[in-house]
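Since every read-out is calculated from the coordinates, none of them should be taken as a lab result. Because the structure is predicted, anything quoted here is derived from the model rather than measured. As a convention, Cβ positions derive from the backbone with ideal geometry for all residues, glycine included, and neighbour counts pool all protein chains shown.
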């Protein structure tokens, strides 16, 4: 049943003012409009709420029983509207953000620290998903917006470039390639490689960018997460190709991070929102802070020399 808020408001005003002219004046409407609202409400309810004669206005028995409920309805509605208004003004609220795991290593922590300093009451729910799952989370409204690796666009999503991240070689300090600042892909031949697995968005990007060079690589291990690859390198299993942002400062002092060239391959992170979506004030501030921080952010993962 449709809730007739205007009719309830008219009824309560009549009950409290005791006359149609005073009730109409209190609401800032004409008596005709007031009478129409009351009539529509009574029609919807199927009962008479007000008994009106040429001289008096009184509530019917049904009207007397309904009055406390009508007052409570309007009071709760006013309180809810005020809460929404104040929350919007204060930029308060919870935010759900979907992102690829790599973003949680470098870029996001700095942004979230700054966001928490500006809005200490706002809570963040972070969904760390694979790139395709990030898009699905945004489309299904599980997340207000997301950060994923740029791929083919989706008709129902808007995409804004955020930052670029290059692929690097990670090896132990005692590895033959460790003293290089840059390594060409051809130089990886003959070494036991740890590479992104087939279900990783990184694998398809590397295969497309490297072409025939990709076929000549000796890939002994495939992993889905870069953190797994880095852990295997630290244990001497092999050397790995990972995005630079996957390397956390100081986490593995025994490892070297070396630029890969000929060709240099990078990926782009995008901010995703549903087309036509209006972000909540809390989410909008986080979204804008992410864009603001990109101009100041520089990849600071450790390089081959310190």
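Data overview
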| item | result |
| --- | --- |
| Efficiency of FRET between residue 51 and residue 82 - r from beta-carbon atoms, R0 51 angstrom, step 0.05 | 0.90 |
| Distance from region 123-158 to region 218-257 (C-alpha centre basis), Å | 26 Å |
| Relative packing of peptides 131-141, 212-222 - highest average C-beta neighbours within 10 Å first | 131-141, 212-222 |
| Over 16 Å [Cα-Cα, region 95-221], rounded percent | 71 percent |
| Cα coordinate range in region 5-90, projected on the principal axes (Å, largest first) | 50, 25, 20 |
| Rounded to 10°, Cα long-axis angle of helix 107-118 versus longest principal axis of the chain | 30 degrees |
| The chain: antiparallel DSSP beta bridges as a percent of all, rounded to 5 | 60 percent |
| Computed over region 166-266: relative contact order in percent, which uses C-alpha pairs under 8 Å that are six or more apart | 50 percent |
| Tail beyond 18 Å, pair distance distribution of region 166-266 (Cα, percent) | 38 percent |
| Structure-derived Rg/Rh (Cα atoms, Kirkwood Rh): which label, when the choices are [x] 1.29; [y] 1.06; [z] 0.95 | [x] |
| Highest-MSF residue in the chain out of 161, 253, 196 [GNM, Cα springs under 10 Å] | 253 |
| The chain: relative contact order as a whole-number percent, Cα under 8 Å and 6+ apart | 21 percent |
| Mean Cα-pair separation over length for region 5-90, i.e. relative contact order, pairs under 8 Å, 6 or more apart, % | 27 percent |
